[in-house]
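Each remark here refers to the structure printed beneath this line.
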Amino acid sequence: MANDTENTDVLIILGSKSDEEYFPKATQILDGFGISYETHICSAHRQLHKLDEIIQNAEKANVKAIIAGAGLAAHLPGVIASQTLIPVIGVPIPAGTLGGMDALLSIVQMPEGIPVATVGVGRMDNAAILAAQIMASGGNENVKSKLVEYRNQWG
């Protein structure tokens, strides 16, 4: 389901190639819910023009949510949120000497008017579930019924 923006519901963008191991935590959930997605690796610091292009394509394609994972200074989710009205879900990647706590604080401390929904350190799975909830609340009944089934498995 990756890399076809025209038919994409969710974008997953990670800040560096070293974060690539976190894609499966989200893609397995999205696959299970039948949600189309596209994955990218794009640094907010080194590839701003490429990031702008990805965001513009997402807006044209009516993407429903963007999951953005980044470690250390973790500017990626905030930069994306400042450029679009598409809901952005920030995932702090466990990296560096602080194990992702610096990324967590960077992502949650956005200025007024530019919110980023933030999940726990490394929790790409919860980011994917939140993206599914955004789609369900937007009227996607298929995703909504799959979310109900998913929740019911926990008791």
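Cβ-Cβ contacts under 9 Å between residues 6 or more apart (or on different chains), taken from a first residue in the range 124-135 that is in contact (Cβ under 8 Å) with a residue 60 or more places away in the chain to a second residue that is of a type in the set (Ser, Thr, Tyr) and assigned to a helix (DSSP H, G or I), are listed as 124/22; 124/27; 128/27; 129/150; 132/150. Among the residues here, residue 69 qualifies as farther than 22 Å from residue 137 by Cα, touching a Leu at 6+ places or on another chain (Cβ under 9 Å) and at pLDDT 95 or above.
Conditions (1) within 17 Å of residue 130 (Cβ to Cβ); (2) among the hydrophobic types (A, V, I, L, M, F, W, C), marked per residue:
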{"site": "17", "(1), (2)": "no, no"}
{"site": "34", "(1), (2)": "yes, no"}
{"site": "46", "(1), (2)": "no, no"}
{"site": "55", "(1), (2)": "no, yes"}
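Among the residues of the range 72-83, how many are at pLDDT 95 or above and in contact with an Asp or Glu (Cβ under 8 Å, 6 or more places away or on another chain)? Even if it seems obvious, please write down each step before you answer.
Step one: filter the range 72-83 for residues at pLDDT 95 or above, giving 76-83.
Applying the additional criterion that residues be in contact with an Asp or Glu (Cβ under 8 Å, 6 or more places away or on another chain) yields 83.
Matching residues across the range 72-83 total 1.
Note on the range 78-123: residues that are touching a residue at least 24 places away in the same chain (Cβ under 8 Å), among the charged types (D, E, K, R) and more than 15 Å from residue 68 (Cβ to Cβ) amount to 1. For the range 109-119, check the following and say yes or no: at least one residue is assigned to a loop (DSSP other than H, G, I, E, B) and within 21 Å of residue 31 (Cα to Cα). Checking the range 109-119: at least one residue is assigned to a loop (DSSP other than H, G, I, E, B) and within 21 Å of residue 31 (Cα to Cα).
Are any of the residues in the range 135-145 crowded, with 17+ Cβ neighbours inside 10 Å, under 27 Å from residue 49 (Cβ atoms) and either hydroxyl-bearing (Ser, Thr, Tyr) or out of contact with any helix residue (DSSP H, G or I) (no Cβ under 6 Å at 6 or more places or on another chain) (or both)? Scanning the range 135-145 turns up no residue that is crowded, with 17+ Cβ neighbours inside 10 Å, under 27 Å from residue 49 (Cβ atoms) and either hydroxyl-bearing (Ser, Thr, Tyr) or out of contact with any helix residue (DSSP H, G or I) (no Cβ under 6 Å at 6 or more places or on another chain) (or both).
Going through the range 120-132 one residue at a time, which ones are over 15 Å from residue 37 (Cβ atoms) and either assigned to a helix (DSSP H, G or I) or over 18 Å from the mean Cα position of the chain (by Cα) (or both)? Before you say what the answer is, go through the steps one by one.
Filtering the range 120-132 for residues over 15 Å from residue 37 (Cβ atoms) gives 120-123, 126.
Answer for the range 120-132, where residues must be over 15 Å from residue 37 (Cβ atoms) and either assigned to a helix (DSSP H, G or I) or over 18 Å from the mean Cα position of the chain (by Cα) (or both): just 126.
Restricting attention to the range 5-27, does a residue exist that is over 12 Å from the mean Cα position of the chain (by Cα), of a type in the set (A, V, I, L, M, F, W, C) and closer than 20 Å to residue 119 by Cα?
Residues of the range 5-27 that are over 12 Å from the mean Cα position of the chain (by Cα), as a first pass: 5-8, 16-21, 24.
Cutting the leftovers down to of a type in the set (A, V, I, L, M, F, W, C) gives us none.
Within the range 5-27, not a single residue is over 12 Å from the mean Cα position of the chain (by Cα), of a type in the set (A, V, I, L, M, F, W, C) and closer than 20 Å to residue 119 by Cα.
The values are calculated or read from the model by the stated rules, or taken from the named source; none is laboratory data. All figures in this text were calculated on a predicted structure; none of them were measured in a lab. Ideal geometry is used to build each Cβ from the backbone, glycine not excepted, and the neighbour counts take in all protein chains shown.
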